[in-house]
Amino acid sequence: MPKPEFFIQKELKKALLDEYLGKELQSAGYSSCEVVKTPLGTRITISALRPGLIIGRRGSRIKELSKIIEEEFGYPNPIISVVEVQVPEFDPRIMAWQVARAIARGYRYRRVGFWVLRSIMEAGAIGAEIVISGKLRTQRSRYEKFREGILLKSGEIAERLVKKAKTTVLMKQGIIGIKVLIMPPSPEYEEYLEMERAIKEKKTKKKMEVEEVGTEEAGKVEKK
């Protein structure tokens, strides 16, 4: 039976790879990577907004990445495939990158926040929140929050349904932090709504029954 250290090292190595790819492929709108071991080697699937920038001319960049991943991270015979993110508006990592890129280009943070939030909601998200913090207008640090829709904040279901991502952008006045939370539509959320509706109906029914019992008791007292 494998020891716990084996799984810890496995996840640590994957986290380090994800961090490296996030920095190296930032301009391509990197989202995530999936690592699967096969008899022939290691299959690594990279999800990004612009796959062409990762593949490179005639696959030149893929070959470079394969060599680095094998030598630096110890994945034997890595086979890399790149897929395009179908709905980038539901990916908080890509949205955070777009906010950071727009701010770095000189766009006002309020305009960027409202623009990205609107694009997320128009794509069909249930709810979203964008938090931009740092020295936005003065020498004192502050934060600005842009929020719309329904966004679960606590509980196990919030951990499962709400996607989160953070990034930073270096400006002349200092580092600006960006946090994006998105709750995309899902069947699990519909089940959650049905459960909440059933609980509310049950509470309402029970309250009405208690009120009816109280009215009957009051009527008996008056007759006496």
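The values are calculated or read from the model by the stated rules, or taken from the named source; none is laboratory data. Small disclaimer: the values here were computed from a predicted structure and weren't measured. Because the Cβ atoms are built from the backbone with ideal geometry, glycine has one as well, and the counts that use them run over all protein chains shown.
Listing for the model above:
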read-out: Condition met for residue 118 (without any contact (Cβ under 8 Å) to a residue 60 or more places away in the chain, within 23 Å of residue 149 (Cβ to Cβ), assigned to a helix (DSSP H, G or I) and of a type in the set (Lys, Arg)); value: yes
read-out: Pair list, Cβ < 8 Å and 6+ apart or interchain, from the stretch 66-93 residues that are more than 19 Å from residue 48 (Cβ to Cβ) to residues that are of a type in the set (A, V, I, L, M, F, W, C); value: 77/40
read-out: So residue 25, is it of a type outside the set (D, E, K, R) and either in the same structural domain as residue 127 (by TED's automatic domain parsing) or touching a strand residue (DSSP E or B) at 6+ places or on another chain (Cβ under 9 Å) (or both); value: yes
read-out: Unique match (being in contact (Cβ under 8 Å) with a residue 40 or more places away in the chain and of a type outside the set (Val, Ile, Thr)) among 20, 107; value: 20
read-out: Residue check, residue 223 modelled with pLDDT of 70 or more and either touching a helix residue (DSSP H, G or I) at 6+ places or on another chain (Cβ under 6 Å) or of a type in the set (Lys, Arg) (or both); value: no
read-out: Any hit, the stretch 78-90, residues being surrounded by fewer than 15 Cβ atoms within 10 Å (Cβ to Cβ), touching a strand residue (DSSP E or B) at 6+ places or on another chain (Cβ under 9 Å), of a type in the set (Gly, Ala, Ser) and not in a loop (DSSP other than H, G, I, E, B); value: yes
read-out: Unique residue being in contact (Cβ under 8 Å) with a residue 12 or more places away in the chain, buried (at least 20 other Cβ atoms within 10 Å of the Cβ), of a type outside the set (S, T, N, Q) and closer than 17 Å to residue 50 by Cα when the list is 128, 96; value: 96
